[in-house]
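For reference, the structure discussed in these notes is given below.
The values are calculated or read from the model by the stated rules, or taken from the named source; none is laboratory data. Not measured: the values here are computed from a predicted model. Cβ coordinates were reconstructed from backbone atoms using ideal geometry, including for glycine residues, and neighbour counts include every protein chain displayed.
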């Protein structure tokens with residue numbers, strides 16, 4: 001079966017070429033029937049029906065093979081790149097030179113898993129964000145390092161709305177910058193997303209992500225690229241650049257006025273800015289809202305850049321997207337099930353009333369109940385105040401205007417909403433659009449937004465709690481563009497209070513009609529995932545393959561019986577219910593939320609509060625105690641010495657300043673086709689001395705004379721790994737070896753970086769936190785676990801109710817409560833006992849405090865088996881142990897503290913015994 005090419009080598013022969021060539025494909029029977037033609041921008045290869053691969057002459061336009069263009073399209077402009085240049089050369093991001101086989105040896109891992117783990121910890125990535133980064137890294141490595149294919153490589157990440165596409169971009173920039181890439185670009189469909197992207201990568205901005213990044217990219221936009229400062233940045237090969245532009249700004253002048261500036265000759269650059277981007281051979285482009293770029297002009301503006309990698313990010317891929325381009329898919333159904341977004345509750349009336357006034361009154365009633373619940377939660381928890389909003393989706397502008405008239409009428413809700421309506425459509429004035437971006441600010445009075453069709457991409461308000469659709473079809477409501485506008489979590493995570501974790505969706509249809517349309521609703525929630533996995537071929541080489549899973553997520557209430565009035569997170573990603581039942585439920589829940597719980601008065605818990613300070617610590621090469629990575633590096637480089645050593649693009653270069661001091665810079669050097677191993681050989685001691693000079697001149701090593709002696713054993717291990725190949729490898733590739741050594745030193749330096757340190761115990765405070773009672777109470781502590789339930793009937797619990805994130809936590813609580821050795825215990829909530837970790841950027845709250853009869857206070861963490869060895873869990877455990885050490889050393893604490901980390905299997909193995917559970921502690 002003909003297709004555009006696939007990543008999945010190892011599934012039966014070499015994968016087809018042609019991946020990443022965009023949308024224009026040659027079907028069977030077309031021009032060149034039975035052949036796959038490749039447009040790589042630097043010479044192309046073709047694959048005939050028998051599988052033979054051959055080179056053919058470059059066309060007159062070096063960027064495009066005219067035979068691949070539809071008849072009505074002229075050939076694209078030339079891409080100014082040297083045909084003699086090697087395609088690869090960026091660390092592990094190597095690619096290949098002409099006639100050169102793929103460069104990844106059998107023994108080399110496909111990706112740098114340690115780097116991905118470190119990035120995930122620094123950026124505090126959610127699981128799907130990390131999986132997306134992992135898939136991108138594997139797919140790129142497969143294309144260049146295993147298959148040895150040419151640029152461009154194109155892939156798509158399909159990530160549900162509100163899960164964090166920006167985090168994926170930041171993580172990918174961090175990963176590939178660590179591999180030596182210096183040029184990145186984010187293309188956005190409009191100015192709203194552009195502004196948000198710039199904010200995300202601007203140091204000091206409240207929404208900035210760069211605090212967790214080592215790369216620290218310089219942001220270059222259409223507003224500043226022509227300034228002398230940014231010209232200097234663009235010419236600096238050591239700087240990581242992030243170009244952020246709207247797609248309109250990249251269009252050719254005859255297509256778009258906004259594109260004129262980027263295509264105009266810039267005297268400072270000596271070329272047009274667009275031409276400058278085309279010349280960056282390591283360019284990685286992120287196409288945000290990828291589905292927006294399938295028009296002819298937009299597609300050309302991006303793809304004619306011929307980037308090394310083009311990563312599309314979207315929650316709604318265009319139907320034209322080739323299936324094999326999607327390397328990672330995390331659907332909305334999974335995001336709901338994983339509690340990363342609100343759970344939708346689809347609400348329809350049981351009676352025949354379907355007029356707009358009734359629909360709006362239902363929506364406002366639910367909105368007011370939500371507002372009371374949010375207010376109660378913020379008051380008790382101390383969370384930042386949130387103002388719930390309703391989004392009304394109208395089919396036409398006339399309908400939207402009519403809705404605005406109804407809502408502002410003095411007779412509607414006593415005129416309470418007259419000053420709170422924002423009507424947005426294609427004809428809205430600029431002031432209204434500005435107001436839309438400000439609805440979450442304290443000064444905004446907006447409570448109800450009336451919109452025709454979907455709101456523009458990039459509108460990511462978190463406080464939409466009700467969507468009232470006046471459209472006739474349920475399928476139109478369930479599109480991610482509409483539903484996604486209300487899915488974001490206002491408090492960053494599930495609160496455990498159903499009212500605050502759900503999105504009310506009022507449908508046009510009656511309740512019974514919704515039940516009859518169960519198939520339509522289910523279709524909207526098909527849980528279908530895609531990711532890149534690794535496997536080994538028969539020759540032992542690690543390769544990447546695409547994996548898929550598919551399952552339909554059930555929607556509660558579809559069997560015709562009265563469904564639950566709240567969502568069922570363990571079995572359904574959405575609930576169908578009636579307006580009558582839902583209104584009764586939410587109003588009853590508001591009443592119960594007003595019932596506050598206080599701790600028992602017969603127990604007393606006092607918790608230390610600490611001040612944390614960063615400690616300045618000097619790194620030295622003596623801090624590197626594990627030198628095995630340097631020996632393994634030597635072994636890998638020796639294995640790669642096959643007569644024609646390929647140079648990498650990241651290299652170390654010594655620069656002498658005006659003050660006479662020499663420093664080593666990591667630079668992106670011009671790649672050449674081949675470096676002969678027959679070059680003049682250096683004596684081993686001379687090669688070693690030059691290598692030491694390069695390493696000691698880098699920023700990774702402190703400028704101290706004693707460091708040369710400390711470097712000696714590191715180089716000993718490297719040379720031992722090189723063995724008999726030491727002289728030829730160092731003589732012909734000294735800069736490459738230096739770059740690799742410096743990279744390993746920098747990684748070790750990050751591991752040595754000082755952890756958050758406690759200054760002193762400033763106070764020991766009484767634990768008297770008020771809790772909001774869960775509306776759904778359960779006394780069945782040993783039956784089927786219910787996440788939303790507040791479990792009651794405890795003998796040793798500090799509160800009459802406790803709720804849990806998993807059945808394992810409930811089982812552990814039953815162990816605590818039944819143990820005669822335990823005096824009392826408490827399930828902790830957010831900020832009850834925060835412990836800072838991950839460079840003082842993130843707070844960690846353990847699951848429980850268990851106080852036994854010896855009055856030892858055990859902070860206890862329960863984790864799933866698969867999480868037990870992850871960097872995040874181990875890092876939090878280390879932070880908790882430091883916390884314990886400090887509080888135990890302070891006389892004001894008065895009691896002993898300890899930390900327990902136990903896994904699911906430990907809870908099961910304890911067989912209900914508290915002493916046994918303590919003995920299974922993993923720390």
Quiz item: Which one of these is at pLDDT 90 or above, on the phi < 0 side of the Ramachandran plot, surrounded by fewer than 20 Cβ atoms within 10 Å (Cβ to Cβ) and out of contact with any helix residue (DSSP H, G or I) (no Cβ under 6 Å at 6 or more places or on another chain): 916, 889, 910?
Solution: 916
Exercise. Could you tell me which numbered condition residue 800 fails, if it satisfies all but one of (1) in contact with a helix residue (DSSP H, G or I) (Cβ under 8 Å, 6 or more places away or on another chain); (2) more than 26 Å from residue 337 (Cβ to Cβ)?
Key: (1)
Quiz item: Across region 757-772, which residue is modelled with the highest pLDDT among those that are surrounded by fewer than 19 Cβ atoms within 10 Å (Cβ to Cβ) and assigned to a loop (DSSP other than H, G, I, E, B)?
Solution: 767
Quiz item: If you go through region 223-234 one residue at a time, do you hit one that is under 22 Å from residue 249 (Cβ atoms), modelled with pLDDT under 90, assigned to a helix (DSSP H, G or I) and touching a strand residue (DSSP E or B) at 6+ places or on another chain (Cβ under 6 Å)?
Solution: yes
Quiz item: Any idea how many residues of region 264-291 are outside any strand (DSSP E or B) and either at pLDDT 80 or above or surrounded by 20 or more Cβ atoms within 10 Å (Cβ to Cβ) (or both)?
Solution: 14
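Is one or more of the residues making up region 328-342 more than 25 Å from residue 529 (Cβ to Cβ), buried (at least 22 other Cβ atoms within 10 Å of the Cβ) and modelled with pLDDT of 85 or more? Before the answer, list the steps.
Going through region 328-342, the residues more than 25 Å from residue 529 (Cβ to Cβ) turn out to be none.
No, region 328-342 contains no residue that is more than 25 Å from residue 529 (Cβ to Cβ), buried (at least 22 other Cβ atoms within 10 Å of the Cβ) and modelled with pLDDT of 85 or more.
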Quiz item: Out of (1) surrounded by 13 or more Cβ atoms within 10 Å (Cβ to Cβ); (2) at pLDDT 85 or above, the odd one out for residue 445 is which?
Solution: (1)
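If you scan region 530-545, which residues turn out to be surrounded by 13 or more Cβ atoms within 10 Å (Cβ to Cβ) and outside any loop (DSSP other than H, G, I, E, B)? Spell out how you get there, then give the answer.
Taking region 530-545 as the starting set, the residues that turn out to be surrounded by 13 or more Cβ atoms within 10 Å (Cβ to Cβ) are 530-535, 537, 541-545.
Across region 530-545, the qualifying residues are 530, 531, 532, 533, 534, 535, 542, 543, 544, 545.
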Practice problem: Considering each residue of region 581-605, count those that are within 30 Å of residue 884 (Cβ to Cβ) and surrounded by 15 or more Cβ atoms within 10 Å (Cβ to Cβ), and give that number. | Solution: 5
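If the requirement is being modelled with pLDDT of 80 or more, more than 32 Å from the chain's Cα centre (by Cα) and outside the structural domain of residue 144 (by TED's automatic domain parsing), which of these qualifies: 661, 645, 744, 682? Break it down stepwise before answering.
Details: 661 fails: modelled with pLDDT of 80 or more; 645 fails: modelled with pLDDT of 80 or more; 744 fails: more than 32 Å from the chain's Cα centre (by Cα).
Going through 661, 645, 744, 682 in turn, just one is modelled with pLDDT of 80 or more, more than 32 Å from the chain's Cα centre (by Cα) and outside the structural domain of residue 144 (by TED's automatic domain parsing): 682.
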Exercise. Would you mention how many residues in region 384-406 are touching a strand residue (DSSP E or B) at 6+ places or on another chain (Cβ under 7 Å), within 16 Å of residue 371 (Cβ to Cβ) and either outside any strand (DSSP E or B) or free of Cβ contacts under 8 Å to residues at least 40 places away in the same chain (or both)?
Key: 1
Self-check item: Selected residue (criterion: surrounded by the most Cβ atoms within 10 Å (Cβ to Cβ)) from residues of region 138-160 that are outside any loop (DSSP other than H, G, I, E, B) and within 13 Å of the chain's Cα centre (by Cα)
Solution: 157
Quiz item: Listed residues 148, 190, 178, 211; which is in contact with a helix residue (DSSP H, G or I) (Cβ under 7 Å, 6 or more places away or on another chain), in contact (Cβ under 8 Å) with a residue 24 or more places away in the chain and not assigned by TED's automatic domain parsing to the domain that holds residue 544?
Solution: 178
Exercise. Determine whether residue 379 is surrounded by fewer than 18 Cβ atoms within 10 Å (Cβ to Cβ), assigned to a helix (DSSP H, G or I), outside the structural domain of residue 832 (by TED's automatic domain parsing) and at pLDDT below 85.
Key: yes
Quiz item: Just wondering, is there one or more residues in region 713-724 that are surrounded by fewer than 19 Cβ atoms within 10 Å (Cβ to Cβ) and under 12 Å from residue 622 (Cα atoms)?
Solution: yes
Quiz item: Out of (1) under 24 Å from residue 460 (Cα atoms); (2) in contact with a helix residue (DSSP H, G or I) (Cβ under 9 Å, 6 or more places away or on another chain); (3) touching a residue at least 24 places away in the same chain (Cβ under 8 Å); (4) not in a helix (DSSP H, G or I), what's the single condition that is false for residue 339?
Solution: (2)
